[in-house]
């Protein structure tokens, strides 16, 4: 099994938000165009968000697919949006775990103020 890479759009946002960890890309024709562009796996970006920005993503199943929960910790307390944590995909849930995580990663990146 291969670890899924983030989408190109997500990698652009990540770079703008300060992601600059080295990424290893396996040789393949479909990725040769991106060799000079740092495209991480979903799990590497998720770890970076957790360790650098205290943004935690978790994926769970729901009736129609998958849903992403996003929590941001600051100085020992959870930051809330209204009375709820961010719930991503609850109205029209993605059909796969990876799609749900990708949407969550983009949402989390957009929370980072630079």
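The values are calculated or read from the model by the stated rules, or taken from the named source; none is laboratory data. Owing to the predicted nature of the structure, the values given are computational and were not obtained by experimental measurement. Positions of Cβ are generated from backbone atoms using ideal geometry, with glycine treated the same way; all protein chains shown enter the neighbour counts.
Select from region 37-54 the residues that are surrounded by fewer than 16 Cβ atoms within 10 Å (Cβ to Cβ) and outside any helix (DSSP H, G or I) and write down the one among them that is modelled with the lowest pLDDT. Spell out how you get there, then give the answer.
Within region 37-54, the subset surrounded by fewer than 16 Cβ atoms within 10 Å (Cβ to Cβ) is 37-38, 43, 47, 50-52, 54.
Now narrow it down to the ones that are outside any helix (DSSP H, G or I): 37-38, 54.
Values: 37: 68, 38: 73, 54: 88.
Only one residue fits best here, namely 37.
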For region 66-75, name all the residues that are surrounded by 13 or more Cβ atoms within 10 Å (Cβ to Cβ) and modelled with pLDDT under 90.
67, 68, 69, 70, 71, 72, 73
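Based on this model, can you work out whether residue 2 counts as exposed (fewer than 15 other Cβ atoms within 10 Å of the Cβ), modelled with pLDDT under 90 and part of a loop (DSSP other than H, G, I, E, B)?
yes
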Might you let me know whether region 82-97 holds any residue that is over 22 Å from residue 1 (Cβ atoms), modelled with pLDDT under 90 and assigned to a helix (DSSP H, G or I)?
no
Neighbours by Cβ (under 6 Å, 6+ apart or cross-chain): first from region 84-109, surrounded by fewer than 18 Cβ atoms within 10 Å (Cβ to Cβ); second part of a loop (DSSP other than H, G, I, E, B) and modelled with pLDDT of 90 or more:
98/4
